[in-house]
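Quick notes on the structure that follows.
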Amino acid sequence: MRKLVSMVDFVLEQESNFPCSDKNDYIETNEKVLKSIIKHANFLKQPLTLSMFIPTDENGNVLEELYKQKCNNCTSQIGYDCCNDIEYQQAKSKVIFEGFCYFEHQSTFVNSRNNNFEYCVFNYTKDKLGICTYTENKGFHTYFKMSTIEDLVSIEKGITLTDKI
């Protein structure tokens, strides 16, 4: 389980991740460190999309996991072989942050603490997301105007990355 880290913390981690044993190894090590830093910087600068948090279709519409029932679009029972569930499973495989649910408004998350999620993502504006977190001893905290992955670093609770990253 890997947490999202700031650019500063990531750069400082590189010193321990890439120790130099001799002078000949120094150039190769520096090249690896630089590539790693640039890759992380590009990752943090990516604009946030709802599909990074929850499964969505190509148009950004939220997909819900289907349960065993008859599918209207194909002849099989809903499950892994059903056309609708295949779309959901493919979308779920693209999610990069763990533990999120979606509500149209953060107040719905606040009012329904009977779910198992620590985080709620919601559309704040057309191009910005909001995040609501819940901590047992601190209650709810809402972060507005999240537009890049880097903005998520400010969330005190820490965001967990999936194995896909």
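Ranked highest first by the average count of other Cβ atoms within 10 Å around their residues, in what order do 126-133, 42-49 fall? Don't jump to the answer; show the numbers that get you there.
Details: 126-133: 17.8, 42-49: 14.1.
Top of the packing list down: 126-133, 42-49.
Can you tell me how much longer the chain between K128 and T148 gets when fully stretched, taken as 0.36 nm per residue apart minus their C-alpha distance, in nm with one decimal?
Values: separation 20, 0.36 × 20 = 7.20 nm, distance 0.86 nm.
Answer, rounded to one decimal: 6.3 nm.
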- Message: Quick check: pseudo-label points 7 Å beyond the Cα along Cα→Cβ at S16 and R2, how many nm apart are they?
- Response: 1.6 nm
- Query: Which aspartates and glutamates, on any chain, are close to K145 with Cα under 16 Å apart, when same-chain ones fewer than 8 places away are left out?
  - Reply: E104, D127, E156
- Which of the pairs K35/K126; K35/K92; K45/K138; K3/K94; K35/K128 have their Cα atoms more than 24 Å apart in this structure? K35/K126; K35/K92; K45/K138; K35/K128
- Query: Setting aside same-chain residues fewer than 8 positions from K32, which aspartates and glutamates have a Cα under 14 Å from its Cα?
  - Reply: E13, E15
- Note on the structure: In nm, the gap between the two label points placed 7 Å beyond Cα toward Cβ at K157 and E98 is 1.4 nm
- Note on the structure: Distance in nm between D25 and N42 label points, each 7 Å along Cα→Cβ, equals 2.7 nm
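Each value in this text was obtained by applying a stated rule to the coordinates, not by laboratory testing. All figures in this text were calculated on a predicted structure; none of them were measured in a lab. Cβ atoms come from the backbone with ideal geometry, glycine included; neighbour counts cover every protein chain shown.
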